[in-house]
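A short write-up of the structure that comes next.
The values are calculated or read from the model by the stated rules, or taken from the named source; none is laboratory data. Here the structure is a predicted model, which means the values were calculated and not measured. Using ideal geometry, Cβ is built from the backbone for each residue, glycine included, and neighbour counts are taken over all protein chains shown. All accessible areas refer to the heavy atoms of the entire protein, side chains included, with ligands and DNA or RNA removed. Shrake-Rupley method; radii C 1.70, N 1.55, O 1.52, S 1.80 Å.
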Amino acid sequence: KPKGCVASGKTFPKIIYTNGINTSAEAACATMHKIADTRCAEVVGIYNATDGIGGDVANANRKINGDTKDPAAIALASLVQDMAEHGDQINMYAHSEGGLNAQTGLGLAREQMNIEHGQAFTNTAMRGINVNSFGTAKRGWPPGPTYRQFTNASDPVPHLIGAAQRGTRDRSFLDAPNTSRYEFKNPHWDPIDSHSMDNTYLDFLNGQFPVPKNANGSCC
């Protein structure tokens, strides 16, 4: 929850966050705290564990090619289904490889809800999901949710993902119809900084879509 608000009793909107490649659990937790503090939200993390740069790139390629066995994607699917069944508002932030986990997880959740609850329930549940993606795939998102895509033109990762997706055009290049795209240019000497969720992407989001706070800057 936002800093200083844990004991306030105030209810905050929930955000599911799934992180990108080469991210430690500590770094993912730090990002969750920044999202909570700047977006005045309760953040639930689906940790996309790192296997190092090489392993993470290989994992991302497997997901682009249709692998549905990623633990983070499966955990995300389970959480989405559980929240949908309880009628909770579902807001998702997905960064980098986390975007591929979100794509896979949303597809898995849709399939499972179809089996257990039928098409009408599933369609309604999927339409109630809001996804904000950052520095990740522009294509291949399951239809139903409302999407806002944020892409730094100086970030190499979305271009690399897009190039890898060209080999799976039948799946990856289908566009979800309800998508708003926000492209900006924020270059850095180090391209990793251009890909940063904490600074580059979250700062842009907060500048474009600020969240109202109290006069003292507190969420509570």
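Over 30 Å apart at the Cα level, from the set Lys69/Lys185; Lys63/Lys185; Lys10/Lys69; Lys34/Lys138, are Lys69/Lys185; Lys10/Lys69.
Between the amide H of Met92 and those of Ile16, Asn130, Val131, Asn132, distances stay under 5 Å, these residues lying 5 or more places away or on another chain, with hydrogens modeled in the peptide plane. Between Arg181 and Asn199, the modelled label-to-label distance comes to 2.7 nm, taking each label 7 Å out from Cα in the direction of the beta carbon. Residues in the range 83-92 carry Karplus couplings, in order, of 5, 4, 5, 8, x, 7, 5, 10, 10, 10 Hz; the curve used is 6.51 cos²θ - 1.76 cosθ + 1.60 with θ = phi - 60°, and Gly or Pro positions show x. Taking amide H positions as modeled 1.01 Å from N, with prolines and chain starts lacking one, the residues under 5 Å from Ala176 and 5 or more places away or on another chain are Gly140, Trp141.
Ranking Thr122, Thr11, Thr50 by solvent-accessible area of protein heavy atoms (1.4 Å probe, all protein chains present), from largest to smallest, gives Thr11, Thr50, Thr122.
Give me the net charge of Ala125's neighbourhood, meaning all other residues with Cβ under 15 Å from the Cβ of Ala125; Lys, Arg count +1, Asp, Glu -1. List each step's numbers first, then the result.
On the way: positive: Arg110, Arg127; negative: Asp82, Glu85, Asp88, Glu111, Glu116.
The answer is -3.
Taking only DSSP H segments of four or more residues, each worth -39500 (n - 2.57), what value at 222 nm results for the chain once the sum is divided by all its residues, to the nearest 500 deg cm²/dmol?
Details: 9 runs with 98 residues, N = 220.
Calculated at 222 nm, the ellipticity per residue is -13500 deg cm²/dmol.
In the full protein context, the chain carries 48 Å² of accessible surface per residue, based on a 1.4 Å probe and ignoring ligands, DNA and RNA. For Phe209, the accessible surface of its heavy atoms amounts to roughly 60 Å² (probe 1.4 Å, protein chains only, rounded to the nearest 10). Note: relative contact order over the chain, using C-alpha pairs below 8 Å and six or more positions apart, is 19 percent.
Computing FRET efficiency as 1/(1 + (r/R0)^6) for Asn114 and Asp51, where r is the C-beta to C-beta distance and R0 is 30 Å, gives about 0.40. Each residue of the range 42-51 was assigned a 3J(HN,Hα) from its phi angle through the Karplus curve 6.51 cos²θ - 1.76 cosθ + 1.60 (θ = phi - 60°); the sequence is 8, 10, 10, x, 10, 6, 8, 4, 8, 10 Hz, with glycine and proline shown as x. Counting Lys and Arg as +1 and Asp and Glu as -1 over every other residue whose Cβ lies under 10 Å from the Cβ of Asp88, the net charge comes to -1.
In sequence order, the range 193-202 has phi-based couplings of 5, 5, 9, 5, 6, 4, 9, 4, 6, 5 Hz under the Karplus curve 6.51 cos²θ - 1.76 cosθ + 1.60, θ = phi - 60°, and Gly or Pro positions carry x.
The length gained on full extension between Asn65 and Val6, counted as 0.36 nm times the residue separation minus their Cα-Cα distance, comes to 17.1 nm. Solvent-accessible area of the chain (1.4 angstrom probe, protein heavy atoms only): carbon and sulfur portion equals 54 percent.
The structure-derived value of Rg/Rh (Cα atoms, Kirkwood Rh) appears in the list (i) 0.98; (ii) 1.04; (iii) 0.95 under the label (iii). Segment Val211..Ala58, full-extension length gain: 51.4 nm, with 0.36 nm per residue of separation and the alpha-carbon distance subtracted.
The spacing between the range 120-165 and the range 186-204, judged by their C-alpha centroids, is 19 Å. Using a Gaussian network model of the chain with C-alpha springs under 10 Å, which one of Ala176, Ala77, Ala109 is most mobile by mean-square fluctuation? It is Ala176.
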